[in-house]
Amino acid sequence: MWEIHKNLKDSRLTTLFPRYIMEIYILPIIMPFFYQKGKKMSRTEKLIKLENPCPWSGGAPCPFIAANGRNVALFYVMQGSLYENVQLPDNRVTDDMTDNHALVTFQHAYAYKTEGINDEVFFAHPLLKQMLGYEIFLVKNSAWIKEQQKIHSKHLYYSKKEWKTLKHYLFVFHDEIFHCIAERFTVVSYRKSYKEMKQILLKSLN
């Protein structure tokens, strides 16, 4: 990324436009085309949009994640929440504010990870190039699952059959994305405060 950025600044464009014009106006427009050209995408991975019975807030979903061994769960603020209409200091969520939340629990979870990638740079992510909105996706032919399976194949009691039921789920939020390898997941809605949802989340891991 830095090499592309450096080459553009050192090119003839800098003789036509002042540096601040390049940085503020020109680069944000042309950089995505270089990202798309330079990215190495898997030819086999594909995103399949899944039905989400509880869509999250596009602006402030505030996902909260917890895990305990093979148990993984998260909750988020649902679409049309009060958080979207109330101005709070530093955009913080108040723990005592009652609103609509959704709890997601993953069954037989193998692994999870988060990425601090927001919607301003989705185009530069190998998977999110195909992204169709703030949704839940199933990653078919997941490179991450293949990588984990290859490592686990060295285990004395490795069973290829056990991996056939695992799926790579992708949750695309506004300011982060969440990945989880699990067999399946369930979504349940609640009318609770953020503080109460933290307790419900922890109990779901037991």
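The values are calculated or read from the model by the stated rules, or taken from the named source; none is laboratory data. Small disclaimer: the values here were computed from a predicted structure and weren't measured. Here the Cβ positions follow ideal geometry from the backbone for every residue, glycine too, while neighbour counts run over all protein chains shown. Protein only, heavy atoms only, side chains kept; ligands, DNA and RNA dropped before computing areas. Shrake-Rupley method; radii C 1.70, N 1.55, O 1.52, S 1.80 Å.
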From the option list Ile151, Ile145, single residue qualifying as assigned to a helix (DSSP H, G or I) and open to solvent by less than 30 Å² (accessible area, probe 1.4 Å) is Ile145
Checked pairs for the stretch 73-101, first open to solvent by 60 Å² or more (accessible area, probe 1.4 Å) and modelled with pLDDT under 75, second among the polar types (S, T, N, Q) and assigned to a helix (DSSP H, G or I), C-beta under 9 Å and 6 or more apart or across chains, list as none
In the set Leu128, Leu138, the lone residue that is surrounded by fewer than 18 Cβ atoms within 10 Å (Cβ to Cβ), within 24 Å of Trp56 (Cα to Cα) and touching a Leu at 6+ places or on another chain (Cβ under 9 Å) is Leu138
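Just to be sure, is Glu176 farther than 20 Å from Gln79 by Cβ and open to solvent by 40 Å² or more (accessible area, probe 1.4 Å)? Break it down stepwise before answering.
Numbers: farther than 20 Å from Gln79 by Cβ: no; open to solvent by 40 Å² or more (accessible area, probe 1.4 Å): yes.
So Glu176 does not fit the description; no.
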In the stretch 121-142, anything at pLDDT 75 or above, in a loop (DSSP other than H, G, I, E, B) and closer than 21 Å to Gln79 by Cα is listed as Gly133, Tyr134, Glu135
